[in-house]
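The values are calculated or read from the model by the stated rules, or taken from the named source; none is laboratory data. Given the structure is predicted, the values throughout are model-derived calculations rather than measurements. All Cβ positions, even for glycine, are placed from backbone atoms using ideal geometry, and neighbour counts span all protein chains on display.
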Amino acid sequence: MARSNTAAWIVNRIPNSVTIKTPSEILYKTTPQLKNLKVFGALGYAHIPNEKRRKLDAKAFKCRFMGYETW
């Protein structure tokens, strides 16, 4: 499921040959920013909120990028 959501997220940010705009651009009226595009499965760090950790606990933990959130 995460792979198909990531594929759909990327396809929605690729320009259409007919309109020369992306589906995301047509829907939201803004050009999508691709500078934050991540590689599926890449190693990263997830932040742990202050409320869920003590003073000397780690502020993040290692994880893998599994795709983009869908609404």
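For region 17-29: of the residues being within 25 Å of A2 (Cβ to Cβ) and of a type in the set (S, T, N, Q), which is modelled with the lowest pLDDT?
Looking at the filtered set, the residue picked out is S24.
Got a number for residues in region 22-71 being in contact with a helix residue (DSSP H, G or I) (Cβ under 6 Å, 6 or more places away or on another chain) and hydrophobic (A, V, I, L, M, F, W, C)?
Residues meeting the conditions: 2.
Kindly list, by first and then second residue, each pair from a residue in region 44-64 that is of a type in the set (D, E) and modelled with pLDDT of 95 or more to a residue that is surrounded by 10 or more Cβ atoms within 10 Å (Cβ to Cβ) and outside any helix (DSSP H, G or I), limited to pairs with Cβ atoms under 9 Å and residues at least 6 apart or on different chains.
Between residues of region 44-64 that are of a type in the set (D, E) and modelled with pLDDT of 95 or more and residues that are surrounded by 10 or more Cβ atoms within 10 Å (Cβ to Cβ) and outside any helix (DSSP H, G or I), the close pairs are D57/I48.
Among the residues that make up region 28-46, is at least one of them part of a loop (DSSP other than H, G, I, E, B) and hydroxyl-bearing (S, T, Y)?
yes
Kindly provide the set of residues from region 25-43 that are among the aliphatic types (A, V, I, L, M) and without any contact (Cβ under 8 Å) to a residue 24 or more places away in the chain, ordered by number.
Residues satisfying the conditions are I26, L27, L34, A42, L43.
I'm told I20 meets every condition in (1) aliphatic (A, V, I, L, M); (2) exposed (fewer than 10 other Cβ atoms within 10 Å of the Cβ); (3) not in a loop (DSSP other than H, G, I, E, B) except one. Can you identify the failing condition by its number?
Single failed check for I20: (3).
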